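Written below as structure tokens is the structure these notes are about.
None of the figures in this text is laboratory data; all of them are computed from the coordinates on show. Fair warning: this is a prediction, and the values are worked out from it, not measured in the lab. Using ideal geometry, Cβ is built from the backbone for each residue, glycine included, and neighbour counts are taken over all protein chains shown.
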């Protein structure tokens, strides 16, 4: 959509927002998959540290090993529930090794696995249970949580998590994606000033992102 320097003609906001949502939803699985990949990479380091610290942590790291492999291979049912060989699934790891860093990571895995299979309501408690303060996995989990809330109709909770994720990440990958999601939700709620604020933040602060390339049409729409 070209920038409009003259008085804009009437726009069907519902139609345009719907198209924007369709565009975002098209890439939702890829975003979740990217977040999942980050979790796998970071979790490897955490689990290695667990493995050499204490007996319970060592047992937990060993227990999650096969579930992590299933998760990476996108065999989400086996990752969640274990397999016929008796390997633990993520849910059992969480139940049996609560309080360990491994169980914490398992919460992120489980929530992402459920989200990837469209079980958004089930995913929410696991994603909420994850506790992290890094600038990669934690914002990714918050973003996934925002997606889950959006898909269950809780738009206020969704936008809050997207804003929180954008602030926590503060990078050109997660932040502008989350801000764009938040802006679209704000529009759907009729909060044009809030939408303009997050769209402008993408333009000014994350100008090197993919989302910034097309952000003017969103800004013009809510002005």
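Ranking of 97, 71 by neighbouring Cβ atoms within 10 Å, starting from the fewest: 97, 71. Put in order of Cβ neighbour count within 10 Å, fewest first, the listed residues 156, 175 become 156, 175. Each of 114, 196 has some number of other Cβ atoms within 10 Å of its Cβ, and from fewest to most they run 196, 114. Length gained on full extension, residue 170 to residue 74, computed as 0.36 nm times the residue gap minus the Cα-Cα distance: 31.8 nm.
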